[in-house]
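Q: Once you've had a glance at the structure underneath, I'll fire off some questions.
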Amino acid sequence: MKIRFRLTLWYFSITLAIVLVFSLGTYWGMRSLLFRAIDGELNLLADSIERTYDPFFNEFVDLMISPGSANRYLEYYVIVYNASGKPVFVSPMTQVISLDIPLSHDSVRTTYTINAQLPEKVPFFRAGNGGKVAFRAISRPVYYENQQIGQVIVGVPIERFNQSLEKLLWVLLAGIGLTGLLLGGGGYFLTRQMLNPIHKITEKADQISHSNLGERITVHHKEDELGQLSIVLNNLLERLQKAFDSQQQFMADAAHELKTPLAILRAHWEGELNNPGLPLEMKEKLVGDIETISRLNHLINNLLMLTQTEAPDSNLDLAPLELDKLLREVISDADILARARNQEILIVEMSPAVVRGDRGRLYQLFFNLVDNASKYTAEGGKIWVSLHLEDRWVLAEIRDNGPGIPAEDLPHIFKRFYRVKKDRARKTGGSGLGLAICQLITESHGGVIGVESTIGAGSTFRVKLPVVSVDS
Ligand code: ADP
């Protein structure tokens, strides 16, 4: 999972957990405060009933005989029992609803939250779901001078509070949902903003290759961690560029220095060859030496080509060119060599395609591939060439029915000086630089090169290059 999503998820989960704990805490806190207040009120009511006890009559006299006592405690559910457990006072509400609260037999107060069913629709009550009314009630003994004188059950409908609490819960849940949305969106936006510079650094670093080693990552804020990372990467690029430049320079210098003495040696040997007094045996040796010098010369030219194509300022002479025409030219030149080996080069398809490229380099790229196909295919073999368009790309395919390349060699054949073992032994005259040059030329034109091969069936080399649209 991307860091961006991981960070957002962490941020989202932690903050949401905090909000959740805070909201639920608020809800439960509010609920218990409210219930505590109600319980306090019920207890005060029980206390006031306790005080109506008259020891002389051994009854709750005031409660029973004062005028209108039946209409007392209209909003409360009250049942008062005397010491012998007989109800001596009930409030009007007990006629409408029954809470079935047991008497408390120990000295502690017992608190209940009950959902009582209303038998019918009673205008006085605000009923909840299914005609039920929530009650909060206490059941406790009452005392006179430490002597238990009876029991009271006092209750009050709390539907109103319950509904308000429910609303509060919904508001809090909606708040949590909204906060979650904002946190998710905001967290994603924030992490994206924070990680954007890393994304840019990665993109830039990924674009830098041997051809643009001089480019650097833009440093926006030197003092922050990302600025430091960019500076470190830039310093690394600087060192790489220096090492690369000196290696390039060394290769170019060495190749140049070797070219002149080789040319002198070759001229000398060729001169000697014309000497009529030289014995035939000696002449044969000289011919062998001249061939070796030619191979060395070819190698040096390849090395020079590599250094020139690879250099950051390789100065490709880019211009729109008709690739199909260039490929036909390559085929006609390579055909001379192929015919000498009794081979046939067949054109399968040749779609017109215009690319922006360096004529000389592209010629060398395709000549190397067709020449390899001919060089490694036995006498009488066949080579098929095709060029066709695929979207904004042109795909060139050079296929042969040669010996094929072993699977273990395939990943390496574009490396410099890499040659398949048996071809080293066969002394085909190659240096293992041809395909490395092909890859470099293809990539410097923004293309890709690949190979597919089956032992005994042949090899197919594919080059994909970006086409130039006709109107651009
Ligand atoms: P070389 O100068 O040796 O031809 P290349 O870089 O052109 O060097 O090729 C590397 C190796 O890939 C060669 O040694 C050869 O073994 C193998 N190779 C290239 N093209 C073909 C092909 N068409 N068929 C079989 N093997 C090939």
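The values are calculated or read from the model by the stated rules, or taken from the named source; none is laboratory data. It should be emphasised that the depicted structure is a prediction, and the values quoted were computed from it without experimental measurement. Cβ coordinates were reconstructed from backbone atoms using ideal geometry, including for glycine residues, and neighbour counts include every protein chain displayed.
Q: Given the residues Lys415, Lys421, Lys375, which is the only one that is within 11 Å of the ligand (Cβ to nearest atom), modelled with pLDDT under 90 and not polar (S, T, N, Q)?
A: It is Lys421.
Q: Also, quick follow-up: Within the stretch 356-394, take every residue that is crowded, with 19+ Cβ neighbours inside 10 Å and assigned to a strand (DSSP E or B) and give me the one that is farthest from the chain's Cα centre (by Cα).
A: Residue satisfying both the conditions and the ranking: Ile383.
Q: On the given criteria, is Ile398 farther than 18 Å from Cys438 by Cα and of a type in the set (A, V, I, L, M)?
A: So Ile398 fails the test.
Q: Keeping to the stretch 358-367, report how many residues are modelled with pLDDT under 95 and within 13 Å of the ligand (Cβ to nearest atom).
A: The total comes to 1.
Q: Follow-up question, since we're still on this one. Could you figure out which of (1) among the small types (Gly, Ala, Ser); (2) within 30 Å of Asp253 (Cα to Cα); (3) buried (at least 20 other Cβ atoms within 10 Å of the Cβ) isn't true of Ala353?
A: The single condition Ala353 does not satisfy is (2).
Q: Sticking with this one: So, in the stretch 378-402, of the ones that are under 14 Å from Arg341 (Cβ atoms) and in contact with an Asp or Glu (Cβ under 9 Å, 6 or more places away or on another chain), which residue ends up farthest from the ligand (Cβ to nearest atom)?
A: Gly380
Q: I want to confirm something. Restricting to the stretch 437-450 and keeping residues that are within 16 Å of the ligand (Cβ to nearest atom) and either of a type in the set (Gly, Ala, Ser) or surrounded by fewer than 18 Cβ atoms within 10 Å (Cβ to Cβ) (or both), which single residue is farthest from Asp400 (Cα to Cα)?
A: Here the answer is Glu443.
Q: Answer yes if at least one residue in the stretch 42-53 is over 23 Å from Pro157 (Cβ atoms) and either part of a strand (DSSP E or B) or free of Cβ contacts under 8 Å to residues at least 40 places away in the same chain (or both), and no otherwise.
A: yes
Q: Within the stretch 118-138, is there a residue that is more than 30 Å from Leu99 (Cα to Cα), of a type in the set (Asp, Glu) and either loosely packed, with under 15 Cβ neighbours inside 10 Å or touching a helix residue (DSSP H, G or I) at 6+ places or on another chain (Cβ under 8 Å) (or both)?
A: no
Q: Considering only residues that are part of a helix (DSSP H, G or I) and of a type in the set (Lys, Arg), look in the stretch 218-264 and name the one that is farthest from Ile290 (Cα to Cα).
A: The qualifying residue farthest from Ile290 (Cα to Cα) is Arg239.
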